[in-house]
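One structure below.
The values are calculated or read from the model by the stated rules, or taken from the named source; none is laboratory data. Nothing here was measured: the structure is a model prediction, and the numbers come from that model. Please note: Cβ atoms are built from the backbone with ideal geometry, for glycine as well, and neighbour counts cover all protein chains shown.
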Amino acid sequence: MIHIKALILAGGYGTRLRPLSCSRPKLLFPIAGRPMIEWILDELSKNGVEEAVLASHYMADMIKGHLGDKYRDIILHYSVEAEPLGTGGAIKLAEKNLGDGEFIVLNGDIISSPPLRDMVQRHRSMNAIATIMLCKVKDPTHFGVARLTKTMRIVEFIEKPKLGEAPSRWINGGAYILSCEALNHIPAGRKVSIEREVFPELASTGRLYGYKYVGEWFDIGRFEEYRRANKTVLGRVSGGKIKVASGVRVEADAQLKPPLYLGSGTIVGRGAVLGPNTSISDSTIIGEDGKIVDSILFKRVHVGRGSTVKGSVIGEGAYLGDCVNLGEGCVIGDNAIIHRGVTLKGGVAVCSNKEITKSISRPRIVI
């Protein structure tokens, strides 16, 4: 057991995940058939964490309504921001829930498997004020990049450097161990970015360290990464097999290609082809000869006869008529209706409750 608390930063609006984030926080987006927050809490549980605080703002009631006050063996607390306070401000607001020792901080939009036990031990052995999990990327030009010493002390972060000027390829991976002393460096009562305001100040103390992490790492703030995370996690947990929940009905001649998840109460029609890399949530209906590949379907989706869905994300309660064709990168909002025979080219996003009667041949958002 680590015997320290964890703080999950869960207050973001998920603006790049609209229109689906208009009706739910991104922590409740399904990955391999389960809400993202459950994967994060499972990682904490594996590392022996027994108490966690969720720092939330946007649709905080939905998160608490889903989780309650306990998730498996983890006791849950909630720190709710009246107004968005940024990553640093959210940590400062939760101070009263964090105790007087070290604590873990996780960005709620990151899927990874941080080696928390080892990170805590390294943090303590270096007498660090903060230890940041660092991930190596091919192209560091879109990130804050760490300048490191041989002892893994972080001298500074360089924001979005040119490729030839990057001090390394190691970026902030969204998991930290903070000593309670670090809270003294976060001003109270206002919006604060821990990345831009606090970490540079901690670096000047000489006690800001990095921890190199090599493993699964996904920032699901964009649909492309969200789908990639679903594909990777689904492949890992399914073991190359088809995962089927209770009450699923699959008619004759349907083809199921792993990795594939079918949620409870789902009905798959004759001749349908599902998968690979596809997650279909509860109470969904797939019509005869429907084809779905590399996609994520939320609950209660209806896909009509002969319809094709490729590389798309479809929101809860959406209805696709017969012979609909969705191209790579389409996003369909909750309860949207796509009429029979409509083709949506790749990159079309349809807002919730919208009705589409004609094909769309170029990427755009339909409001």
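Side notes on the structure shown:
Each row is one residue, and each column tells you yes or no for (1) farther than 21 Å from residue 269 by Cα; (2) touching a His at 6+ places or on another chain (Cβ under 8 Å); (3) surrounded by fewer than 18 Cβ atoms within 10 Å (Cβ to Cβ).
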{"position": "298", "(1), (2), (3)": "no, no, no"}
{"position": "301", "(1), (2), (3)": "no, no, no"}
{"position": "314", "(1), (2), (3)": "no, no, no"}
{"position": "317", "(1), (2), (3)": "no, no, no"}
{"position": "322", "(1), (2), (3)": "no, no, yes"}
{"position": "328", "(1), (2), (3)": "yes, no, yes"}
{"position": "333", "(1), (2), (3)": "yes, no, no"}
{"position": "336", "(1), (2), (3)": "yes, no, no"}
{"position": "341", "(1), (2), (3)": "no, no, yes"}
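- Checklist (1) within 21 Å of residue 246 (Cα to Cα); (2) surrounded by fewer than 18 Cβ atoms within 10 Å (Cβ to Cβ); (3) in contact (Cβ under 8 Å) with a residue 40 or more places away in the chain applied to residue 281, failing item: (2)
- The condition of being surrounded by 13 or more Cβ atoms within 10 Å (Cβ to Cβ) and assigned by TED's automatic domain parsing to the domain that holds residue 287 holds for only one of 270, 169, that being 270.
- Consider segment 1-40 and keep the residues that are of a type in the set (Ser, Thr, Tyr) and in contact with a Phe, Trp or Tyr (Cβ under 8 Å, 6 or more places away or on another chain). The one that is farthest from residue 333 (Cα to Cα) is 13.
- Filter result for residue 189 (out of contact with any helix residue (DSSP H, G or I) (no Cβ under 9 Å at 6 or more places or on another chain), in the same structural domain as residue 94 (by TED's automatic domain parsing), closer than 16 Å to residue 55 by Cα and modelled with pLDDT under 90): no
- The residues of segment 11-51 that are of a type in the set (A, V, I, L, M) and either outside the structural domain of residue 105 (by TED's automatic domain parsing) or within 16 Å of residue 226 (Cα to Cα) (or both), listed by number, are 17, 20, 27, 28, 31, 32, 36, 37, 40.
- Across segment 266-295, the qualifying residues are those that are touching a Ser or Thr at 6+ places or on another chain (Cβ under 7 Å) and of a type in the set (A, V, I, L, M), and the one among them that is farthest from residue 334 (Cα to Cα) is 293.
- Hey, residue 81 more than 30 Å from residue 227 (Cβ to Cβ) and either surrounded by 22 or more Cβ atoms within 10 Å (Cβ to Cβ) or of a type outside the set (Lys, Arg) (or both) or not: no
- Strands (runs of 3 or more DSSP E) contained in segment 236-339 and holding at least 1 residues more than 27 Å from residue 217 (Cβ to Cβ) and at pLDDT below 95: 242-244
- For segment 194-212, residues that are surrounded by fewer than 22 Cβ atoms within 10 Å (Cβ to Cβ) and either acidic (Asp, Glu) or in contact with a Phe, Trp or Tyr (Cβ under 9 Å, 6 or more places away or on another chain) (or both) total 7.
- Residue 216 vs. criteria within 23 Å of residue 9 (Cβ to Cβ) and among the charged types (D, E, K, R): yes
Per-residue answers, yes or no, for (1) within 30 Å of residue 312 (Cα to Cα); (2) in contact with an Asp or Glu (Cβ under 8 Å, 6 or more places away or on another chain):
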position	(1), (2)
31	yes, no
43	yes, no
59	yes, no
73	no, yes
93	no, yes
96	no, no
105	no, no
110	yes, yes
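- Residues of segment 113-134 satisfying the condition of being surrounded by fewer than 22 Cβ atoms within 10 Å (Cβ to Cβ) and under 21 Å from the mean Cα position of the chain (by Cα): 113, 115
- Top-ranked residue of segment 229-254 - restricted to ones that are in contact with a strand residue (DSSP E or B) (Cβ under 6 Å, 6 or more places away or on another chain) and farther than 15 Å from residue 274 by Cβ, ranked as surrounded by the most Cβ atoms within 10 Å (Cβ to Cβ): 229
- Residue in segment 11-23 that is nearest to residue 312 (Cα to Cα), counting only those that are out of contact with any strand residue (DSSP E or B) (no Cβ under 9 Å at 6 or more places or on another chain) and not small (Gly, Ala, Ser): 16
- The single condition among (1) in contact with a helix residue (DSSP H, G or I) (Cβ under 6 Å, 6 or more places away or on another chain); (2) surrounded by fewer than 18 Cβ atoms within 10 Å (Cβ to Cβ) that residue 220 does not meet is (2).
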